[in-house]
């Protein structure tokens, strides 16, 4: 038997680790932060923070970023106005803020308002990955069907013609499960649509990610709102929806995996026809391969062709560094980090 030298074994193990996909317990975090220049001044952050100034969503994490950054750049001070996402983008075009921290996706009227003032859109850098299954932490949206439904997976294009009315001759509306490829006894069964209220941010994300910006929904959609005063559990709209779907084998709806019912199951999704179906897992959300992963983004004012403000650039470089994303794991309370490949793409926006 031929013996393999110890050094060769170590090398093979190292290469295997380098090429293995990131896992939730060993995420592929970005490189460590090293300042590129000394900066000073005040950074004013507006937006996502706490609910009714009592329940903190991301304020502790922002404070951790600021303390960590000041160890490298003691000349920078911060003013935090984390009063809610609704105040974020407005702070930029009124000149009161430097960074707008969004607790949801930016909406077209917000982009339009900024463009009305400056003539170009705000620049956004993703700083946190939304949670896998934690309430109030931008959890990934998941499509559910009855456990007896044999469908293996769906594409985003199929979801679009399911939940939105067709807008061109190339789109054919879905009325039966046969329209989605099921055969036999399922071919002629009707599709029943379930979802969260179309006035909520979840629906706005669905419109942007699945509908390509359209805002019209099929009128047959059954909407399930949170009951008054709901703070999770059986009175949340997502749980109410799954409980209703448990008695409807022909139903399909979207919510999040913080809600459960043994009679329904999640469906794997593909970003486009021919792509692999991706199951919603913590790993697939964290590495952004799952198509309905949500992001937390910081926006700032950067005129086209010009570099970012140096102090903003250095701070965002810190946020998207290993130290900054380790703080997400430590203080994110359900939020997930930005991994190295995604961080590298967003850092390009600062140059």
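The values are calculated or read from the model by the stated rules, or taken from the named source; none is laboratory data. Only a predicted model underlies this, so the values are computations on that prediction, with no experimental measurement involved. We place every Cβ from the backbone using ideal geometry, glycine too, and count neighbours over all the protein chains shown.
Here is how the numbers come out for the structure above:
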read-out: Residue count for segment 162-177, restricted to those that are surrounded by 16 or more Cβ atoms within 10 Å (Cβ to Cβ) and either in a loop (DSSP other than H, G, I, E, B) or free of Cβ contacts under 8 Å to residues at least 12 places away in the same chain (or both); value: 2
read-out: Residue satisfying condition, being outside any helix (DSSP H, G or I), closer than 25 Å to residue 84 by Cα and modelled with pLDDT under 95, within set 273, 308; value: 308
read-out: Selected residue (only one of 68, 119 is surrounded by 15 or more Cβ atoms within 10 Å (Cβ to Cβ) and either out of contact with any strand residue (DSSP E or B) (no Cβ under 6 Å at 6 or more places or on another chain) or in the same structural domain as residue 193 (by TED's automatic domain parsing) (or both)); value: 68
read-out: Flag if residue 289 is closer than 24 Å to residue 30 by Cβ, in contact with a strand residue (DSSP E or B) (Cβ under 6 Å, 6 or more places away or on another chain) and in a loop (DSSP other than H, G, I, E, B); value: yes
read-out: Some residue of segment 180-188 being over 30 Å from residue 339 (Cα atoms) and in the same structural domain as residue 331 (by TED's automatic domain parsing); value: no
read-out: Test result for residue 280, closer than 30 Å to residue 159 by Cα, touching a strand residue (DSSP E or B) at 6+ places or on another chain (Cβ under 7 Å), crowded, with 19+ Cβ neighbours inside 10 Å and not assigned by TED's automatic domain parsing to the domain that holds residue 218; value: no
read-out: Residues within segment 215-249 that are surrounded by 14 or more Cβ atoms within 10 Å (Cβ to Cβ), assigned to a loop (DSSP other than H, G, I, E, B) and under 22 Å from the mean Cα position of the chain (by Cα), tallied; value: 5
read-out: Restricting segment 129-157 to residues that are out of contact with any helix residue (DSSP H, G or I) (no Cβ under 9 Å at 6 or more places or on another chain) and not in a loop (DSSP other than H, G, I, E, B), the residue that is nearest to residue 58 (Cα to Cα); value: 142
read-out: Residues of segment 251-262 satisfying the condition of being surrounded by fewer than 16 Cβ atoms within 10 Å (Cβ to Cβ) and touching a residue at least 60 places away in the same chain (Cβ under 8 Å); value: 262
read-out: Sole residue being part of a loop (DSSP other than H, G, I, E, B) and more than 25 Å from residue 348 (Cβ to Cβ), chosen from 103, 95; value: 95
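Matching residues to (1) surrounded by 18 or more Cβ atoms within 10 Å (Cβ to Cβ); (2) under 28 Å from residue 281 (Cα atoms); (3) at pLDDT below 95; (4) out of contact with any helix residue (DSSP H, G or I) (no Cβ under 8 Å at 6 or more places or on another chain):
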| position | (1), (2), (3), (4) |
| --- | --- |
| 7 | no, no, yes, yes |
| 26 | no, yes, yes, yes |
| 43 | yes, no, no, no |
| 77 | no, no, no, yes |
| 80 | no, no, no, no |
| 83 | no, no, yes, yes |
| 91 | yes, no, no, yes |
